[in-house]
There are 2 protein chains.
Amino acid sequence: MLAREVIEDLIKVLGKENVLTEQEDLLTYAYDATAAMKHHKPGVVVSPLNTEQVAEVVKIANRYKIPVYPRGSGTNLSGGTIPSEDSIVLSMLNLNKILEVDQDNLTATVQPGVIIQDLNNAVQQFGLIYPPDPGTVTTATMGGSVSECSGGLRGLKYGVTKHYIMGLQVVLANGEVIRWGGKTVKNVTGYDLVALFTGAEGTLGIITEILVKLIPAPEARKSIMAVFDDVDKAGKAIASIIRNKIIPATLEIMDNVTIQTVEHFVHAGLPLNAEAVLLIEVDGYKEVVEREAVLVEQILKEEQAADVKIAKDDKERDLLWLARRSALPALAQKRPTTVLEDATVPRSKIPDMIKAIRKIADKHKLNIATFGHAGDGNLHPTILTDERDLDEMKRVHLAVDEIFQTAISLGGTLSGEHGIGVAKMKYLDWEFGEAGVALLRSMKEALDPNYVLNPGKIVRRD
Amino acid sequence: MLAREVIEDLIKVLGKENVLTEQEDLLTYAYDATAAMKHHKPGVVVSPLNTEQVAEVVKIANRYKIPVYPRGSGTNLSGGTIPSEDSIVLSMLNLNKILEVDQDNLTATVQPGVIIQDLNNAVQQFGLIYPPDPGTVTTATMGGSVSECSGGLRGLKYGVTKHYIMGLQVVLANGEVIRWGGKTVKNVTGYDLVALFTGAEGTLGIITEILVKLIPAPEARKSIMAVFDDVDKAGKAIASIIRNKIIPATLEIMDNVTIQTVEHFVHAGLPLNAEAVLLIEVDGYKEVVEREAVLVEQILKEEQAADVKIAKDDKERDLLWLARRSALPALAQKRPTTVLEDATVPRSKIPDMIKAIRKIADKHKLNIATFGHAGDGNLHPTILTDERDLDEMKRVHLAVDEIFQTAISLGGTLSGEHGIGVAKMKYLDWEFGEAGVALLRSMKEALDPNYVLNPGKIVRRD
């Protein structure tokens, strides 16, 4: 239980209506979207209305040495939003205003509680887009998405969240408020703290304002589906598209397990026997999209695709992408627990990775479906399991270990877009060695010496 | 003088031939390309052949608490490469190999001593480019350019150095060697140290290997010159191009002082009475370049350009860009000392900034030419002076102060691409406040507690 005086101090700053202490409220904030994680009930949930209140909460947390867990919509997939027992959860959902859209400088300024899709809706009227589009684009907040450096389907051509963050206002662990970056395309003043806070999972500071880069919306787009009877052929086709200097906006892959599950779920016309399906979208200038779609079709045929289909209209296009976007929900309804990973490898290693995952599944007698962003090497091996089955869960954990070992041995990384959080902390020294982990810790301690901000994530106290 | 034992330890690691101690050699390393800076002769210059030797040098430096100054070609414009008296200069020029070009993953791996243009020459045969192109592209090294996060002429469309750095090998202040990042487009494992070391000016670690992203070379390009009798009209034309969703590869501006000087230098046909000239290049797919060039011409006329010229062929194009690239050398031959700044403002504030610079020049009776990257707001106010004239230099320093004050008050930043180094350290708290500078210092001290790596740059010991 949190001491009564902490709650009272918080109420003084935020008002009673923005300080939740009822057990049923606290329970709601005990977990996030990560499967099979230990939950912890916080001692209080506060919802500040402005940056000053965030700073005051952090000062109170520091005074009493109580951890603060910033939180958006809780869609996190690495346990990064799960609080510790009796801590303060800092919900950013009240800070939900789009403060400015600047057409001349192609920027927007938003508060962290803004939903990603709402920003896109707001800039659409100006012919602009904010490209990062994680699967949770309609529910996740900008603050969470910046803190996790979300990726999504358009990484290959458009990059990820960090490529669109130009400036941040941040509340530091000592309660001071700093601003970094701005509307200039170029900025090399001091260390790049905008990049450092982006993807820091709320462990170094709390983001209270975000300046993003916008770009003109593409004029046209064209979607293509290719069916392969062999994962290697799909891999060669991916390489061949890139070698022909075509950078698709989206280049997705689904393996046989995913195809079968999705097809039974949405009936999009996916071939049940295919070993791999590629879903490709080229976008941009209308003349170029036409030319590239034809070239992609030709390449896919040369690379022995069993079938190639170009979506003729929006209806056909939507059906293809519904199939891809249904991968996770379709898989999730098969078993009670869905362990979704984001091991990532260089693009050229995708066939090796998919085959390795299949071997790991066989070895541990698990049902693993693999789909993901082939264009940027970011795969989502998805283990369908049941967290109540302790024996199976033991095998799940072994399989996850092996999946990450394989990703690293192929020159990849532990996390392409879900973050380290709690879930992947134990693997960090596989990628960085002890010196690298020590370096992370020294940075954490330089910026948050008391481990007040989202402690227990990325690096633990030594 | 450096103690004899330090030199002996260095010779043991590097061999006699890679350890310079002759006075005339040391003198060569006492300065960089920054004007009007105090020079300091180092005690020794070492040229390691591999990462292990770099690590050993850093360990020796730590043991004797002697500062180490990493250095590429010395083209730095903020005093960032100038050593302190009796220190160790670490020349990276022997580490000059292109280790790999990976066509499937669109990456190259290089050592820090590789000249930027040499990388571009090496990837050209694959139809690829490394987009960052600072003015010093034919002389500056990749290591220096990553450490400074160089910008250049293509920032608006292609971004700057940091957008192309995917992985780094770094020797830390304690001599440990770490690797960060890799060939995956997505990577959110741990804090983004690749971004942190990029632009850190060698104060946090010494970069010994660089993994860069490459992109397909544009198919076509078209250059356009527009002449304006009014800076505001030029500013409106810039805004109008962007509002029409055209993102030129290059969008440069030259003011009247620059135009006059350049024209007398290269005879490129620039109009001597123009208040501003815009030089624009659109590039990309051939159909689109054609369409965009026509649209840009139309916009420029609508925005009351006095004259618009599209380069008909490569010869005309080269002449236009020769004019732009001659700006600095042309200005530099007018007076003995050229103080080149890189104050940067949001694109929409360029006319305000140019007019403010003119006022500052008049007030202090100085000759200031302004040219630069209008598309990304990165201007180069260039003061033509003589560092032997102490009275004039006093006015130069006052003018520089006011230029930076103005940039910050317009929502800009102290440095778009030259870095902070020694030259702009005193302005840092104008932009970040004391809390921000303290934060920088705490990061420096977390990574380099003994101030061994390029000390006296960005932040000083408290």
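Structure above, values below:
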read-out	value
The range A:84-113 residues that are free of Cβ contacts under 8 Å to residues at least 24 places away in the same chain and outside any loop (DSSP other than H, G, I, E, B), paired with ones that are open to solvent by less than 40 Å² (accessible area, probe 1.4 Å) and of a type outside the set (Gly, Ala, Ser) (beta carbon under 9 Å, 6 or more apart)	A:Glu100/A:Thr107; A:Glu100/A:Thr109; A:Glu100/A:Val110; A:Glu100/A:Leu211
Test for A:Lys222: is it more than 10 Å from chain B (Cβ to nearest Cβ), in a helix (DSSP H, G or I), open to solvent by 20 Å² or more (accessible area, probe 1.4 Å) and over 24 Å from B:Val188 (Cβ atoms)	no
Failed item in (1) part of a helix (DSSP H, G or I); (2) closer than 22 Å to B:Thr51 by Cα, with B:Gln117 passing the rest	(2)
Which listed residue is out of contact with any Cys (no Cβ under 9 Å at 6 or more places or on another chain) and touching a residue at least 60 places away in the same chain (Cβ under 8 Å), from A:Lys12, A:Lys16, A:Lys41, A:Lys65	A:Lys65
Single residue of the range B:240-254 satisfying the filter (hydrophobic (A, V, I, L, M, F, W, C), open to solvent by less than 30 Å² (accessible area, probe 1.4 Å) and in contact (Cβ under 8 Å) with a residue 60 or more places away in the chain) that is farthest from B:Ile357 (Cα to Cα)	B:Ala249
Members of the range A:251-268 found to be more than 12 Å from chain B (Cβ to nearest Cβ) and touching a helix residue (DSSP H, G or I) at 6+ places or on another chain (Cβ under 7 Å), listed by number	A:Glu252, A:Ile253, A:Met254, A:Asp255, A:Thr258, A:Thr261, A:Val262, A:Phe265, A:Val266, A:Ala268
Sole residue being crowded, with 22+ Cβ neighbours inside 10 Å, in the same structural domain as A:Ala239 (by TED's automatic domain parsing), touching a residue at least 40 places away in the same chain (Cβ under 8 Å) and farther than 15 Å from A:Ile224 by Cβ, chosen from A:Val266, A:Val257, A:Val262, A:Val277	A:Val262
Number of positions in the range A:285-324 that are within 30 Å of B:Lys245 (Cα to Cα) and either outside any helix (DSSP H, G or I) or in the same structural domain as A:His380 (by TED's automatic domain parsing) (or both)	5
Options B:Val110, B:Val68, B:Val58, B:Val45: the member that is assigned by TED's automatic domain parsing to the domain that holds B:Glu148 and open to solvent by less than 30 Å² (accessible area, probe 1.4 Å)	B:Val110
Single match in A:Val68, A:Val101 (criterion: over 30 Å from B:Ile242 (Cβ atoms) and modelled with pLDDT of 95 or more)	A:Val68
Matching residues in the range B:1-59 - criterion: being polar (S, T, N, Q) and over 24 Å from the mean Cα position of the chain (by Cα)	B:Asn18, B:Thr21, B:Gln23, B:Asn50, B:Thr51, B:Gln53
Condition broken by B:Leu340, with the remaining ones in (1) within 22 Å of B:Lys38 (Cα to Cα); (2) within 14 Å of chain A (Cβ to nearest Cβ); (3) at pLDDT below 95 satisfied	(2)
Every residue from the range A:423-462 that is open to solvent by less than 40 Å² (accessible area, probe 1.4 Å) and not in a helix (DSSP H, G or I)	A:Ala423, A:Lys424, A:Asp448, A:Tyr451, A:Val452, A:Leu453, A:Asn454, A:Pro455, A:Gly456, A:Lys457, A:Ile458, A:Val459
Residue within the range B:415-433 that is at the interface with chain A (Cβ under 8 Å from one of its Cβ atoms) and polar (S, T, N, Q) present	yes
Inter-residue pairs, beta-carbon under 7 Å, first within 11 Å of chain A (Cβ to nearest Cβ) and in the range B:440-459, second among the basic types (Lys, Arg) and open to solvent by less than 10 Å² (accessible area, probe 1.4 Å), 6+ apart	B:Val459/B:Lys444
B:Tyr285, sole failed condition from (1) within 21 Å of B:Gly377 (Cα to Cα); (2) open to solvent by 40 Å² or more (accessible area, probe 1.4 Å)	(1)
Which listed residue is more than 23 Å from A:Val114 (Cα to Cα), surrounded by 23 or more Cβ atoms within 10 Å (Cβ to Cβ) and of a type in the set (A, V, I, L, M, F, W, C), from A:Leu90, A:Leu10, A:Leu27	A:Leu10
Candidate set: the range B:371-414, residues that are among the small types (Gly, Ala, Ser) and within 14 Å of chain A (Cβ to nearest Cβ); chosen: the one surrounded by the fewest Cβ atoms within 10 Å (Cβ to Cβ)	B:Ser409
Count of the range A:152-185 residues which are within 7 Å of chain B (Cβ to nearest Cβ) and modelled with pLDDT under 95	4
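The values are calculated or read from the model by the stated rules, or taken from the named source; none is laboratory data. Quick caveat, the model's predicted, so the values are computed rather than measured. In this analysis, Cβ positions are derived from the backbone assuming ideal geometry, glycine residues included, and neighbour counts consider all displayed protein chains. Quick note on the areas: whole protein, heavy atoms, side chains included, nothing else; ligands and nucleic acids left out. Shrake-Rupley method; radii C 1.70, N 1.55, O 1.52, S 1.80 Å.
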